[in-house]
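K.L.:
Mind having a look at this structure? Questions to follow.
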């Protein structure tokens, strides 16, 4: 009831914009009060931005929002232009806050870098790329650079080969209307990459290196990357800092560990192939011999006796996946435990090699650490005075030794171990990528700005 005219009042909705509207209160005395259902930002309703933002955070885009509003009978939803305007506002806000977060992260990284005894603005960063789809068909990818000591994102780039707004003009790009529209749209177009999906990481990392001085007044002197040398090779060729600072490559310890496992697996594959070939040749030889003459009972006894003599007396360990995983883990541990010395690193790595081929007749534990707390059971028995009763577990077969030795030689070169100093990894980058794809699932399409929004928000929480 109206307090002025004591008549009934009516409620109605006006100025509907998405989920926002004004609640109008009217009565007979022509008193009219308008109450917005949410705070207003200029002429926009805050609820619209919050709703689009929240839906983007759970991986729902324009079509999903329209379906949700229709099923819930909430409103008519948003037009495409309104939706993209809202996304643009969210993008601007996220970008502004993220620039502050990046600046603070760089300042923190510089301080910790100096405390570690390095030149303050000569930073070590890890870089990694990720794509919206597996394989080489992805239209959107991202790359990040993360500080070694702070573990925080210092910079990121999103690359896109597709633009949803441009896609709406598919088949009409020769029209005059498109040319007029594109002149205005070009500055905000999502397409910023041409070429293969694999080049997205390379181009993104180069872009971040080239702008490090203008953005943060720092040099990214050391780059921690995986075994893929494509990115680093391009960095060396471009030389983003000229002769002032030469970018150096650092290895991700976990990727070198994987290299050890892969090489060991290749050995097993090769041995299996050789055994099959040998068996086929023996079968063919036996068929040829049997066609010539049948062996007598005496010949069979002599053959059986010869085989029994040829059988190995010492039991050997099978080169299983479990053994290969252990060798790769031992390699990683050797690098981590001696991350400040190439020579100690090399000795520790080779110790695991000789340890696996040691027997009671030929113990080879000179490089294994001494003492009762050693990981080597032989050294423990030696320390506690039980060496006389110690028995070695089955060693690896001698035929594996020369093949595996070649792998160890390749993975203990001076150049490689120098790059492993510091035991750096890309764990932070991979954790960040996982966070991004959790917010923007790979099975749902999202444009460059939507993905960038999520990436910037992830940066704010790391």
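The values are calculated or read from the model by the stated rules, or taken from the named source; none is laboratory data. Quick caveat, the model's predicted, so the values are computed rather than measured. With ideal geometry, Cβ positions are generated from the backbone for all residues, glycine too; neighbour counts draw on all protein chains shown.
K.L.:
Is it the case that residue 55 is out of contact with any strand residue (DSSP E or B) (no Cβ under 8 Å at 6 or more places or on another chain), assigned to a loop (DSSP other than H, G, I, E, B) and on the phi < 0 side of the Ramachandran plot?
P.N.:
No: the conditions fail for residue 55.
Conditions tested, residue by residue: (1) surrounded by fewer than 16 Cβ atoms within 10 Å (Cβ to Cβ); (2) under 23 Å from residue 320 (Cβ atoms).
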{"site": "344", "(1), (2)": "yes, no"}
{"site": "357", "(1), (2)": "no, yes"}
{"site": "361", "(1), (2)": "yes, no"}
{"site": "380", "(1), (2)": "no, no"}
{"site": "386", "(1), (2)": "yes, no"}
{"site": "393", "(1), (2)": "yes, yes"}
{"site": "407", "(1), (2)": "no, yes"}
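K.L.:
Among the candidates 151, 127, single out the residue that is touching a helix residue (DSSP H, G or I) at 6+ places or on another chain (Cβ under 6 Å), surrounded by 14 or more Cβ atoms within 10 Å (Cβ to Cβ) and on the phi > 0 side of the Ramachandran plot.
P.N.:
151
K.L.:
Within the stretch 382-394, is even one residue within 39 Å of the chain's Cα centre (by Cα) and closer than 19 Å to residue 268 by Cα?
P.N.:
Yes, the stretch 382-394 contains a residue that is within 39 Å of the chain's Cα centre (by Cα) and closer than 19 Å to residue 268 by Cα.
K.L.:
May I pose another question? Looking at 117, 141, 147, which one is more than 30 Å from residue 81 (Cβ to Cβ) and touching a strand residue (DSSP E or B) at 6+ places or on another chain (Cβ under 6 Å)?
P.N.:
Checking each option against the conditions leaves just 147.
K.L.:
Just checking, does the stretch 200-219 include any residue being out of contact with any strand residue (DSSP E or B) (no Cβ under 7 Å at 6 or more places or on another chain), under 18 Å from residue 121 (Cα atoms) and in a loop (DSSP other than H, G, I, E, B)?
P.N.:
Within the stretch 200-219, one or more residues are out of contact with any strand residue (DSSP E or B) (no Cβ under 7 Å at 6 or more places or on another chain), under 18 Å from residue 121 (Cα atoms) and in a loop (DSSP other than H, G, I, E, B).
K.L.:
A follow-up question, please. State whether one or more residues within the stretch 64-75 are surrounded by 15 or more Cβ atoms within 10 Å (Cβ to Cβ), out of contact with any helix residue (DSSP H, G or I) (no Cβ under 6 Å at 6 or more places or on another chain) and within 29 Å of residue 166 (Cα to Cα).
P.N.:
yes
This table checks each residue for (1) at pLDDT 75 or above; (2) within 30 Å of residue 123 (Cα to Cα); (3) not assigned by the TED database to the domain that holds residue 334.
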residue: 401; (1), (2), (3): yes, no, no
residue: 414; (1), (2), (3): yes, yes, no
residue: 418; (1), (2), (3): yes, yes, no
residue: 437; (1), (2), (3): yes, yes, yes
residue: 445; (1), (2), (3): no, no, yes
residue: 448; (1), (2), (3): no, yes, yes
residue: 451; (1), (2), (3): no, yes, yes
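K.L.:
Return the total of residues in the stretch 381-412 being closer than 15 Å to residue 363 by Cα and in contact with a helix residue (DSSP H, G or I) (Cβ under 6 Å, 6 or more places away or on another chain).
P.N.:
Residues that pass the stated criteria total 4.
K.L.:
Out of (1) more than 30 Å from residue 149 (Cα to Cα); (2) free of Cβ contacts under 8 Å to residues at least 24 places away in the same chain; (3) assigned to a helix (DSSP H, G or I), what's the single condition that is false for residue 34?
P.N.:
(3)
K.L.:
Here are some residues: 118, 172. Which one is without any contact (Cβ under 8 Å) to a residue 60 or more places away in the chain, surrounded by fewer than 18 Cβ atoms within 10 Å (Cβ to Cβ), touching a helix residue (DSSP H, G or I) at 6+ places or on another chain (Cβ under 8 Å) and part of a loop (DSSP other than H, G, I, E, B)?
P.N.:
After applying the criteria, what remains is 172.
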